Each structure stands twice: as structure tokens, then as C-alpha cells.
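Below is one structure, written out as C-alpha cells; comments come after it.
The values are calculated or read from the model by the stated rules, or taken from the named source; none is laboratory data. Here the structure is a predicted model, which means the values were calculated and not measured. Cβ placement follows ideal geometry from the backbone for every residue including glycine, while neighbour counts extend to all protein chains displayed. For the accessible areas, the whole protein counts, side chains as well, though only heavy atoms, and no ligand, DNA or RNA atoms are used. Shrake-Rupley method; radii C 1.70, N 1.55, O 1.52, S 1.80 Å.
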Amino acid sequence: MKTYIHFIKNFVIVIVLLLLLMLLFPTWTPSIKGSNSISVLEQVEINDTGHEIMIRGQDKDNPVIIFVHGGPGCSEIPYAGKYQNLLEAEFTVVHYDQRASGKSFHFFEDYSNLSSDLLVEDLLALTDYIAKRLDKEKVILIGHSYGTYIATQAAANAPEKYEAYIGIGQMSNTIESENDSLNFTIHQAQLQGNKDDVLHLQQLADEIKAGTMFTPRNYVNKYGGATRLIDNPDGNTLGMLFSKEYNLLDIIRYNYGLSLSQEALLKEIIQHPLPTKVQKLDLPFYFLMGNYDYQTSSQAAKDYFDQISAEKKEFIAYEQSAHYPQFEEKERFFEWMQATFKQ
């Protein structure tokens, strides 16, 4: 009996030590060979709060891309390397965790003023920081999912800072998009004979049409409206834990930040959708949409695209993808980026 108790005590001690190690294990981003390469993962002060940034590229003289992640609160730093490995040869790629998101969530910071306007200010200040650090007059701005809500406004407010704006999984009229999502999931559930899912989704229809709730993302994901060629990378705890850029403490911060960000920011995208905020862009812009995207409806994005006034704009459909075309069809995305910005 004493031997058994001794074994249990030792086992508990080992587990505690392993948890402490995972909590505090150093994080980094892998180095890139080359005399002019850059591979940085660090915290910088932007607008009076710490922002985690990751900068990667084989040559700092290449054009610079700033990615604005979605969610709200869904950092892409832990999985960005899986889709941007090709880009790093021809571009310097910058990711950052937005205020209160991921590694930019700070437990004792006051987030009572968190809003999309503040996140736009942060992005503009970050752009200035990156442009100065990498000695660029302009950078390429890419928003993904909720990140397009922030990035579209930043591009409209300060077009002189950006060579172009690219919206991937572009947000638009939120209620129109959510109704497209609802109709898609109901139709797919009917095709698969999942009567319980059909009934549950139909019971939500009035609230979704009234703009008081979103189509449940677990159903959108289940029926292929989020990803088709990859597993959904957002919120993948195991994937984050085994990434080099996040440790267990960062995952805890990620989940706290996700809850706080969604509570603070989601209502706004229904009450003040992008078409009420931005109707003109004074720079080239592109919407890249997966045909199967029902997280942010491709059709709703096309309707919004048609409404925006600009001297140069292009809508590009990715036929095999859903919400992550830059990841699901990364070779095509890289080739397009290279042809568009490196000629």
C-alpha cells in the first residue's frame, strides 16, 4: 500500500512538473537561412499595449504583407507557417495577435474600451511601426474573416499606407451572410438525411433573419462551409500546443481573449456591417473567396464587392475552397500573389 501511495505521489509530481514546463516553455519562430532573412517572434508596444508580432521572410527587401487575423480573437500565428511557407520566399510576412487576442491578451489589462475602432487604430499604428522597421513606403494589407472588418476600414482610412488591400473570407452584410449560411447548412443536412439538425436549424431561423444570432459555427463546419481541403485550424488546442510559437500559458490566454473579444465585438458586425462603414476604397483591392465559404458568404461578399467604388478591383473565386483559400489552395494563392505583386 505504501509503495502504491509513493507511486501516486511521484506520478502527480511528474504531471505537475510537465504542466509547469508546458506553461513556461519558451516560444520562438524557426530561423530562416540567408544573410538578409528575418524570423522574429516578439512582443512590441503598439498604442500603449503589448502586441505579439511574428515577422518571417527570406529577404527583408521583398514586399511586406501584414495579415490581420479573424475571430474575433482567433490568432493565426500558431498555424500560419503551414500556409505561408511558399510566400516567405518572395515576401516578408507579418502576423500579429490583435489587442486582447492570443499572446496579446494580458490578464490584468483593462479591456472595457475594446472596439473595432480601437483595433483599426492599432492596425494603423502597427503598419507605421512595420513600415519604419522594414524601411517600406507601403505594405500589402490582407484581412481574413473578422480581420477584414478591421482591415477594410484601415484601408479606407489610410490608403496611402498600403499598396493594396486583399480580403480573404471577406465580411459584408452580416445578416445576408448569416442567412446564406443558414440556408446552406439546412440544405446540406437535408441532403444527408439529418432530420434532427434540420429541425434545430429551422428553429433558429427567425433569430438569424432578425440579426439577433449567428448560424452556429459547429453546423457550418460540420457541413463543409468552413473548410474542405484541410481541418479547421482555428482554436485547435493540440495544434497550438505542438506549435513552436505557443505554449500552454498562451493557449490559456488565447481562450480568455477569445471569449472576451467575441463578447465585446460580435454585436457590432451585425449592428454596423461593413457596407454601412466603407463604400469606397482609394487603392487597388481584391476579394479572394472560396466558393464553399459559408462562414462569410461568398455571394454576400460579391454583392458588397459590386457596391464598392474603386479605380481597380477584382473578385477572385477559389472553386475548391471554403473559408481558408490561402491555406486550402496555398499554391494557387502564392502564384497569384507573386504574379500580382512581384512583376
(request) Scan the stretch 26-56 for residues that are surrounded by 24 or more Cβ atoms within 10 Å (Cβ to Cβ) and over 24 Å from Ile230 (Cα atoms) and jot them down. (result) Glu52
(request) Could you please give the count of residues in the stretch 119-171 that are surrounded by fewer than 24 Cβ atoms within 10 Å (Cβ to Cβ) and in a loop (DSSP other than H, G, I, E, B)? (result) 6
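Which members of the stretch 70-118 meet the condition of being acidic (Asp, Glu), in contact with a helix residue (DSSP H, G or I) (Cβ under 7 Å, 6 or more places away or on another chain) and open to solvent by 10 Å² or more (accessible area, probe 1.4 Å)? Don't jump to the end; show me each part of the working.
Start the filter on the stretch 70-118 by keeping residues that are acidic (Asp, Glu), which leaves 76, 88, 90, 97, 109-110, 117.
Still in the running and in contact with a helix residue (DSSP H, G or I) (Cβ under 7 Å, 6 or more places away or on another chain): 90, 97.
Answer for the stretch 70-118, where residues must be acidic (Asp, Glu), in contact with a helix residue (DSSP H, G or I) (Cβ under 7 Å, 6 or more places away or on another chain) and open to solvent by 10 Å² or more (accessible area, probe 1.4 Å): just Glu90.
If you check Gly239 against the conditions, is it part of a helix (DSSP H, G or I), under 22 Å from Phe107 (Cα atoms) and open to solvent by less than 50 Å² (accessible area, probe 1.4 Å)?
Working: part of a helix (DSSP H, G or I): yes; under 22 Å from Phe107 (Cα atoms): no; open to solvent by less than 50 Å² (accessible area, probe 1.4 Å): yes.
No, not satisfied.
Conditions tested, residue by residue: (1) closer than 30 Å to Leu118 by Cβ; (2) open to solvent by 50 Å² or more (accessible area, probe 1.4 Å); (3) assigned to a helix (DSSP H, G or I); (4) hydroxyl-bearing (Ser, Thr, Tyr).
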{"position": "Ser177", "(1), (2), (3), (4)": "yes, no, yes, yes"}
{"position": "Asn183", "(1), (2), (3), (4)": "no, yes, yes, no"}
{"position": "Ala189", "(1), (2), (3), (4)": "no, no, yes, no"}
{"position": "Asp196", "(1), (2), (3), (4)": "no, yes, yes, no"}
{"position": "Ile208", "(1), (2), (3), (4)": "yes, no, yes, no"}
{"position": "Tyr219", "(1), (2), (3), (4)": "no, no, yes, yes"}
{"position": "Ile230", "(1), (2), (3), (4)": "no, no, no, no"}
{"position": "Tyr246", "(1), (2), (3), (4)": "yes, no, no, yes"}
{"position": "Ser259", "(1), (2), (3), (4)": "yes, yes, yes, yes"}
(message) Please count how many residues of the stretch 290-337 are touching a residue at least 60 places away in the same chain (Cβ under 8 Å) and open to solvent by 60 Å² or more (accessible area, probe 1.4 Å).
(response) 4
(message) Anything in the stretch 168-183 that is under 18 Å from the mean Cα position of the chain (by Cα) and aliphatic (A, V, I, L, M)? List them, or say none.
(response) Ile168, Met171
(request) Check Asp306, Asp293 and return the single one that is among the charged types (D, E, K, R), in a helix (DSSP H, G or I) and at pLDDT 95 or above. (result) Asp306
(request) Search the stretch 212-223 for residues that are modelled with pLDDT under 95 and pair each with any residue that is part of a loop (DSSP other than H, G, I, E, B) and of a type in the set (Ser, Thr, Tyr) when their beta-carbon atoms are under 8 Å apart and the residues are at least 6 apart or on different chains. (result) none
